[in-house]
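The values are calculated or read from the model by the stated rules, or taken from the named source; none is laboratory data. Treat the numbers as computed from the prediction; the structure is a model and nothing was measured. No Cβ is skipped: glycine too gets one built from the backbone with ideal geometry, and neighbour counts run over all protein chains shown.
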Amino acid sequence: MEQYQILKEIGSGSYGVVWGAWDEHSDEVFAIKKLKKRCNSVKEYINLTEVKALRKMNHPNIIKLKEIIKEDDSLYLVFEYMECSLCERMTCRKKPFSEDEIRDLCFQIFQGLAYMHDNGYFHRDLKPENLLVSKDVLKIVDLGLAREINGKPATDNIGSRWYSAPEVLLGQEYDSSVDMWAIGAIMAKLFTRHPLFPGKHDGDQMYKICSVIGSPTETTLSMVNSNYQFPQHPGVQLSSLLPSASLEALDLIATLLSWNPSVRPTTMEALEHPFFYPCYC
């Protein structure tokens, strides 16, 4: 760590803290993440899911891990530096994103996520705070909660509540389709700069979901959780909440926000949706 001069704290959470730091050797600025987790050996550090995933992946829309530094019993991950989070950019803008801008941002998210899923991991905590941007480039970050797709089925309720799929809130087994739900909620927020499901707690979160997309039907209940007493709501037209969104955008968001996880598109299916046709011209 001697070559790095800490400039400022740029983030913190249950994982630890992130600093902006200047590398005196290369005269570049990097982001250094100090993990809160303590390990007894280098092998334990290398086997952390976040470290394994980042070492395996190399994609322009996933944050690049430059090096791993172990000092005493602490681990530091050195990343390329990005200007700000997507959340910060939304907050600082004086006007909403145009649909072309939203299309470009979401196209990059899906490309990065498709690579991640193809390499055997799903993120589990996608939200605007975990998407960093520099100029027109977007990168997925913070794989601290990532899981292996072919590993033990996940059931724990983690991640940001506003972007959590119903099956996560209900404590059921879930898979990589939870990432697709999260992108649907992120995409909706890009149109309005306001969260679509701003629940105050898990029960309120489910109420917010039902009030927007409608309560699950009897058919869907068999695939969700028949023991849970869902709030009864018919839902609303997404077009009334996202008046500036095109029909193609509304269709993609509605499909991503499906009660049934198997109905949600895969990353590659999403990239082939008509909403993204202009990206291939």
Hey, any hits in segment 36-48 for a residue that's within 29 Å of Leu86 (Cα to Cα) and assigned to a strand (DSSP E or B)? no
Right, Val178: in the same structural domain as Thr255 (by TED's automatic domain parsing), more than 23 Å from Leu271 (Cα to Cα) and aliphatic (A, V, I, L, M) or not? no
In segment 130-176, anything among the acidic types (Asp, Glu) and without any contact (Cβ under 8 Å) to a residue 40 or more places away in the chain is listed as Asp136, Asp156, Glu173
Within segment 57-102, can you find the residues that are touching a residue at least 24 places away in the same chain (Cβ under 8 Å), part of a helix (DSSP H, G or I) and under 27 Å from Arg147 (Cα atoms)? Leu86, Cys87
For segment 72-129, give me each residue that is among the basic types (Lys, Arg) and on the phi > 0 side of the Ramachandran plot. Arg124
Taking the stated definitions as given, is Ser211 in the same structural domain as Ser262 (by TED's automatic domain parsing), farther than 13 Å from Ser258 by Cβ, touching a His at 6+ places or on another chain (Cβ under 8 Å) and assigned to a helix (DSSP H, G or I)? yes
Residues of segment 1-19 being under 19 Å from Leu131 (Cα atoms) and either of a type in the set (A, V, I, L, M, F, W, C) or surrounded by 16 or more Cβ atoms within 10 Å (Cβ to Cβ) (or both), in sequence order, are Ile10, Gly11, Tyr15, Gly16, Val17, Val18, Trp19
Within segment 147-172, take every residue that is outside any loop (DSSP other than H, G, I, E, B) and of a type in the set (A, V, I, L, M, F, W, C) and give me the one that is surrounded by the most Cβ atoms within 10 Å (Cβ to Cβ). Val168
For segment 154-174, the count of residues that are modelled with pLDDT of 95 or more and charged (D, E, K, R) equals 1
Only residues that are charged (D, E, K, R) and crowded, with 20+ Cβ neighbours inside 10 Å: list them for segment 79-124, please. Arg103, Arg124
Please count how many residues of segment 248-281 are free of Cβ contacts under 8 Å to residues at least 40 places away in the same chain, crowded, with 16+ Cβ neighbours inside 10 Å and of a type in the set (D, E, K, R). 1
Please work out if Ala245 is farther than 25 Å from Met116 by Cβ, buried (at least 16 other Cβ atoms within 10 Å of the Cβ), in the same structural domain as Asn150 (by TED's automatic domain parsing) and not polar (S, T, N, Q). yes
Of all residues in segment 8-24, which are over 19 Å from Lys64 (Cα atoms) and over 27 Å from the mean Cα position of the chain (by Cα)? Glu24
Give the number of residues within segment 103-146 that are over 13 Å from the mean Cα position of the chain (by Cα) and either assigned to a loop (DSSP other than H, G, I, E, B) or charged (D, E, K, R) (or both). 7
Considering (1) surrounded by fewer than 17 Cβ atoms within 10 Å (Cβ to Cβ); (2) within 11 Å of the chain's Cα centre (by Cα), say which one Thr192 fails and leave the rest. (2)
Selected residue (only one of Leu75, Leu54 is buried (at least 20 other Cβ atoms within 10 Å of the Cβ), more than 16 Å from the chain's Cα centre (by Cα) and not hydroxyl-bearing (Ser, Thr, Tyr)): Leu75
